[in-house]
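In what follows, a single structure is set out as structure tokens and then discussed.
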Amino acid sequence: MEKRLPRLAVASCTACLAWLLLNPGAASSQPPATLTAMDYVQIQQLVNRLNFALDYCGNGGRTFADLFVDGGRYVIDSGDGKPIVRDTRGALIALAGGPGCESRRTAPTSYILHLAESLVIEATADGARGTSYAIYPPSAGKYLNDETAGQLGFYHDEYVRTPDGWRLRSRRHELHPVAGGVTP
């Protein structure tokens, strides 16, 4: 004897399928990937290399740009609703002072050092994300400007594993965080 689903069950399944088709993001909430201890170490090293490459214009800024995936972006968010987005290789190279590195050798940008501290990493469905403090200490008592000296902000990163190792998909540099506005 052939069993049939009740019409109400078929109608419910059809309605659910139609809803999923109209809302594709709803079905893609994959569980976070599992990160190994080595993944955590490699991501931490990526963040460390990123700051050195940015501050010292490694290889004419190309070392910095190489730490991002193609189409990767660096966003400076001062909280005014007008973020500065650098999302091309050329723009990332320029941010690090390249290709000639002149801006990193002259005041006042030569006084900027970037520190990412207390990095918290969590797995995501397609990689990982991290949040860390962005700290700008003065260099020998000199600094970029009064607003930046000793500034404490946040870095919000998205990392992806590539054939060349972990790379940044994006870094959003939050310059003026609101107390209580971040959950690492």
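The values are calculated or read from the model by the stated rules, or taken from the named source; none is laboratory data. All values reported here derive from a predicted model rather than from experimental measurement. Virtual Cβ from ideal backbone geometry, glycine too; neighbours counted across all protein chains shown. Side chains included, ligands, DNA and RNA excluded: accessible areas come from the protein's heavy atoms. Shrake-Rupley method; radii C 1.70, N 1.55, O 1.52, S 1.80 Å.
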- Could you list, in sequence order, the residues of the range 70-88 that are of a type in the set (Lys, Arg) and free of Cβ contacts under 8 Å to residues at least 40 places away in the same chain? Lys82, Arg86
- Cβ pairs under 9 Å, 6+ apart, first in the range 30-44 and touching a residue at least 24 places away in the same chain (Cβ under 8 Å), second among the hydrophobic types (A, V, I, L, M, F, W, C) and in a helix (DSSP H, G or I): Leu35/Ile43
- Note on the structure: Those residues of the range 91-102 which are free of Cβ contacts under 8 Å to residues at least 24 places away in the same chain and out of contact with any Lys or Arg (no Cβ under 9 Å at 6 or more places or on another chain) amount to Glu102
- Message: Quick check on my filter: what residues within the range 82-108 are loosely packed, with under 14 Cβ neighbours inside 10 Å and farther than 18 Å from Glu158 by Cα?
- Response: Lys82, Gly90, Gly100, Glu102, Arg105, Thr106, Ala107, Pro108
- Message: Against the definition (hydrophobic (A, V, I, L, M, F, W, C), assigned to a loop (DSSP other than H, G, I, E, B) and more than 15 Å from Ser170 (Cβ to Cβ)), how does Leu119 come out, yes or no?
- Response: no
- Item | Flag for Asp126 being open to solvent by 70 Å² or more (accessible area, probe 1.4 Å), out of contact with any Ser or Thr (no Cβ under 7 Å at 6 or more places or on another chain) and free of Cβ contacts under 8 Å to residues at least 24 places away in the same chain | no
- Message: Restricting to the range 37-81, name every residue that is charged (D, E, K, R), assigned to a helix (DSSP H, G or I) and surrounded by 16 or more Cβ atoms within 10 Å (Cβ to Cβ).
- Response: Asp39, Asp55, Arg62
- Looking at the range 78-95, which of its residues are of a type in the set (A, V, I, L, M), more than 23 Å from Arg161 (Cα to Cα) and out of contact with any strand residue (DSSP E or B) (no Cβ under 7 Å at 6 or more places or on another chain)? Ala94
